[in-house]
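These notes concern the structure reproduced below.
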Amino acid sequence: MKRPQLIGLAIAATAGLMAFMMVRGLVSKPPVQKTVEVKVKSSDVLVARTDIGLGQITNDSLFRWQSWPEETVTAGFITRTAQPDAMTQLAGSIARAPIMAGEPITQQKLVKAGQGGVLAAILPAGMRAISTRIKEETAVGNLILPNDRVDVILIRRLRGRSGQEEYVSDLLFGNVRVLAIGQQIETKEGKKTADGAATTATLELTARQAELLALGNSMGDISLSLRSIADLDVNQGPTAGIDPSVKESTAIRVLRYGTASRSYGVN
């Protein structure tokens, strides 16, 4: 083959190789990613800077402002636009429930100083707090903790017609919430037992039930029966989860020498 032909073939081969490499580069080139910035309307919401415990008195260092998308801000949230001085205004308030760090602060979760003490702050509307004496054998070995639920049983002594004394038990109410054991209103982290030295348990009752418990305290011994955590469902409240065959007492009948003298009821 003549020299000019060889040169022509070499040039053609080189051009073909270059064309192949260019096409390959175009085909294998990664797609260009475009970043589109979307602006979301946000609002500064007041949240807890750290965990706030039940009954804790707050100060402005426990709060901070955090940006939230406006579409997720509900009417209960406290915004900087509506209340720019909220941190200062809420300082000294009492937490009605535990608040986790980063959780939005609402007016329902705090009660301002002067509107009641700690226990009054955590009581639901219409309910009463009343205490009863307890000891190890009447309070499940002092293992009942605040926010547990219990049945309240009255043990009283009667004198029968024969003149002999006998004991009678009455289930006063079932599934009531324990607000405090002694001075302890919240189970501290890592603490699995109640105060063994406590001599009182404070219960959450209706006004009528509180009246009946006060009467029961003067008539006999009150025992608390701890309920399973499995009973804590949507049917919470006094008598929820009670066996229908077991009737809750709505009255205490006082007998003197075997004769009924007066019946104290709650209806």
* Asked: If you stretched the chain out fully between L9 and R133, how much longer would it get, using 0.36 nm times the residue separation minus the C-alpha to C-alpha distance?
  -> 33.6 nm
* **Under 5 Å, built H, 5+ apart or other chain: amide partners of F63** => R49
* **Alpha-carbon Debye profile of the range 54-113, log10 I(q)/I(0) at 0.19 Å⁻¹** => -0.68
* What ranking of M21, M87, M127 emerges when the number of other C-beta atoms within 10 Å of each C-beta is taken as an exposure proxy, fewest first? -> M21, M127, M87
* **Residues whose placed amide H lies under 5 Å from that of L172, excluding near-sequence neighbours** => V152, I153, L154, S249
* Asked: Taking H as built 1.01 Å from N, whose amide H comes closer than 5 Å to the amide H of T200, not counting residues under 5 places away?
  -> I134, G182
* Under unit Cβ charges (Lys, Arg +1; Asp, Glu -1), what dipole magnitude, rounded to 20 debye, does the range 42-122 have relative to its Cα centre? -> 260
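No value in this document is a laboratory result; all are computed from the given coordinates. Please read these numbers as outputs of a predicted model, since none were measured by experiment. Neighbour counts are summed over all protein chains in view; Cβ atoms, including those assigned to glycine, are modelled from backbone coordinates with ideal geometry.
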